[in-house]
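**Student:** Pasting in a structure now, in structure tokens, and then I'll have a few things to ask.
The values are calculated or read from the model by the stated rules, or taken from the named source; none is laboratory data. Keep in mind the model is a prediction, meaning the values are calculated, not measured. Heads up, the Cβs are rebuilt from the backbone with ideal geometry, glycines too, and the neighbour counts pull from every protein chain shown.
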Amino acid sequence: MTEIERFRPSRRALTAGIAALAAGGLAGPLAGPASAAARQSRAAAQDAPPVVPALQQWAGGEGEFRLTPATRVVVPPGDKRLRRLARTLTDELEEVTGIRIRPPRPAAPHTGGGRPRRGEIRLTVDRSDSHAPGGARYREEGSRTTVTHGGISVVGPAYAGVFHATRSLLQILVRSSRRAVPAGTAVDWPDYARRGFMLDVGRRYFTPGFIRDYIRLMSWFKFNDFQIHLNDNEIKPPEGDWGKAQSAFRLASEAPEWAGLAARDGAYDRATWDSFEDLAEACAVRLTPEIDAPAHSRAFVKFRPDIGLDGGNSDHLDLAKPASTAFMKDLFTHFTPWFRSPVVHYGADEYGGPVAQYRGYFNDLAAHLRTLGKQPAAWGSLSEIGGTAEGYDRGVRIHSWNNGWYGPQAIKRDGYEFVNMNDATLYIVPFADYYHGQGLDGRYLYEQWAPHVFPEGQSVEPYDPALHGALFAVWNDLVHEDYTERDVHGLVNKTLGVLAQKMWSPRAEGPGYDAFQKGVSALGLGPGLELLG
């Protein structure tokens with residue numbers, strides 16, 4: 001099975017699937033179960049300051065907090081992450097408002113995590129903080145922001161929630177001609193654990209500055225998962241000769257045994273990758289690395305022709321040879337220490353070799369990643385490759401990308417946890433005549449989609465416990481097409497705000513699509529950008 005064949009079912013999904021959704025193919029209403037109090041708080045949130053994604057709960061107060069040169073960001077002593085955030089926020093406030101506030105400082109010991117003094121923006125991580133409606137999502141990424149005339153207090157049970165709250169504060173100030181934040185209390189949390197974007201750098205190199213800008217841009221809209229597809233090749237080799245095909249692996253090691261594996265047209269060395277990880281950690285974004293095999297493996301076969309099918313004239317590993325699996329284990333052993341994400345994606349899709357060999361590889365690599373301390377994730381392919389999940393490792397996190405290859409209903413039946421990356425809805429192939437070549441359908445996503453929605457009657461219940469969330473993706477299939485990374489951004493940017501809202505809280509009521517998009521445009525791309533600002 002070659003990758004080009006996956007477009008056959010996907011074209012059908014793009015027609016019949018979307019039509020079915022438009023005709024009412026949802027598993028249920030976008031609004032999930034909610035208590036009367038939660039519904040009332042959501043209604044109140046409609047009057048909240050306009051941020052994207054919208055605040056879950058808002059209770060307005062009287063007056064406003066005005067930013068002045070005397071304002072200062074204050075954090076508890078000894079919290080290095082918050083101290084770094086305070087310095088960053090101080091710079092961001094100046095970029096957004098033009099006001100240079102006082103340098104940040106630790107809170108005085110006697111004030112602890114209490115209310116801020118006059119002119120303070122106080123950031124606090126309080127592990128005991130909780131909020132019943134938000135549950136586990138609040139504990140991981142929630143926050144409570146209290147704004148008075150005198151100061152602002154941001155409290156969350158984890159760093160991520162405090163960071164997200166600072167994005168809301170900055171967005172409010174972007175849209176405030178008075179450089180002020182209205183008084184009130186916001187309680188905020190995401191409805192879904194994973195909210196993300198995948199970028200194919202295997203088929204097209206993206207500069208380090210672009211990657212760092214996208215970490216910042218994702219954090220501006222509270223996405224928390226940036227999957228980087230680190231190797232791939234063109235779909236069909238020129239003249240049937242894989243030796244002439246574009247292929248790349250984008251990590252460059254200094255270890256001599258891996259010399260020559262990294263792509264010559266661009267790769268990330270350890271220091272560059274560390275810069276991604278450092279920024280992602282500061283921005284509450286997880287980098288999910290993906291190294292894809294046993295298909296999509298031309299870069300590895302080019303490096304080691306002896307492990308490839310058809311004497312090396314292939315983009316598939318020959319899994320009949322133990323050396324092929326051993327090579328991939330060695331590769332992951334070497335590079336996994338670079339990765340701080342608890343999850344590593346090992347591809348495992350669209351393989352055309354014997355099923356028994358594929359199943360052995362699927363299980364062996366999952367077990368190996370666990371020995372390296374990582375949760376394994378893979379593309380959903382079992383319906384097409386094996387027809388059944390019998391004998392497969394059930395602890396692998398599945399990315400459901402195509403209903404025919406392995407749709408959500410089959411994934412649920414087989415007991416896997418999964419995320420929604422459905423190709424008919426969430427794939428962009430820049431400037432192609434398939435897979436949303438001009439960008440995703442924002443109006444459809446805003447008005448009809450939510451993370452539980454899949455085409456062809458495959459939707460699951462809202463907030464299904466096995467569904468972790470959703471990611472959208474850019475696949476650079478057209479390796480010879482002339483476009484730039486900024487062109488890719490232009491396509492992605494069309495629906496960033498929409499997807500941020502629908503992944504954070506699809507139940508939230510808001511303005512119509514056109515008004516929403518106008519509000520997103522008013523927010524811009526956020527502070528600190530290197531290339532896109």
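**Student:** Give Ala295, Ala299 a once-over and let me know the one that is among the hydrophobic types (A, V, I, L, M, F, W, C), surrounded by 20 or more Cβ atoms within 10 Å (Cβ to Cβ), outside any loop (DSSP other than H, G, I, E, B) and in contact (Cβ under 8 Å) with a residue 40 or more places away in the chain.
**Tutor:** Details: Ala295 fails: outside any loop (DSSP other than H, G, I, E, B).
After applying the criteria, what remains is Ala299.
**Student:** Among the residues of the stretch 149-169, which ones are within 17 Å of Gln501 (Cα to Cα) and either charged (D, E, K, R) or surrounded by fewer than 22 Cβ atoms within 10 Å (Cβ to Cβ) (or both)?
**Tutor:** Result: Arg167, single match.
**Student:** Looking at this structure, is Phe300 outside the structural domain of Arg167 (by TED's automatic domain parsing) and under 26 Å from Ile211 (Cα atoms)?
**Tutor:** yes
**Student:** In addition: Would you mind telling me which numbered condition in (1) of a type outside the set (Lys, Arg); (2) surrounded by fewer than 15 Cβ atoms within 10 Å (Cβ to Cβ); (3) at pLDDT below 95 Ala70 fails?
**Tutor:** That leaves (3) as the condition not met.
**Student:** Same structure, new question: From the list Pro408, Pro451, Pro455, Pro465, which residue is free of Cβ contacts under 8 Å to residues at least 12 places away in the same chain, assigned by TED's automatic domain parsing to the domain that holds Ile228 and either among the small types (Gly, Ala, Ser) or over 22 Å from Asp232 (Cα atoms) (or both)?
**Tutor:** Pro465
**Student:** Sort out for me the strands (runs of 3 or more DSSP E) sitting completely within the stretch 150-268 that have 3 or more residues that are modelled with pLDDT under 95. Don't jump to the end; show me each part of the working.
**Tutor:** Values: elements: 152-156, 180-188, 194-200, 225-229, 231-233, 247-249.
Passing ranges: none, list empty.
**Student:** Here's something else I'd like to know. Considering only residues that are surrounded by 17 or more Cβ atoms within 10 Å (Cβ to Cβ), part of a helix (DSSP H, G or I) and not hydrophobic (A, V, I, L, M, F, W, C), look in the stretch 25-67 and name the one that is modelled with the highest pLDDT.
**Tutor:** Looking at the filtered set, the residue picked out is Arg42.
**Student:** If you go through the stretch 340-357, how many residues are over 11 Å from Gly386 (Cα atoms) and surrounded by fewer than 19 Cβ atoms within 10 Å (Cβ to Cβ)?
**Tutor:** Result for the stretch 340-357: 2.
**Student:** Additional query: Out of (1) assigned to a loop (DSSP other than H, G, I, E, B); (2) surrounded by fewer than 22 Cβ atoms within 10 Å (Cβ to Cβ), what's the single condition that is false for Glu140?
**Tutor:** Single failed check for Glu140: (1).
**Student:** Which numbered condition in (1) in a loop (DSSP other than H, G, I, E, B); (2) in contact with a strand residue (DSSP E or B) (Cβ under 9 Å, 6 or more places away or on another chain); (3) closer than 21 Å to Pro182 by Cα is the only one that Gly78 fails?
**Tutor:** (3)
**Student:** OK, next. Return the only residue of Ala424, Ala377, Ala450 being at pLDDT 95 or above and assigned to a loop (DSSP other than H, G, I, E, B).
**Tutor:** Every option except Ala450 fails the conditions.
Conditions tested, residue by residue: (1) surrounded by fewer than 16 Cβ atoms within 10 Å (Cβ to Cβ); (2) closer than 27 Å to Leu440 by Cα.
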position	(1), (2)
Leu173	no, no
Pro182	no, no
Tyr192	no, yes
Asp213	no, yes
Glu234	no, yes
Pro238	yes, no
Glu257	yes, no
Ala271	yes, no
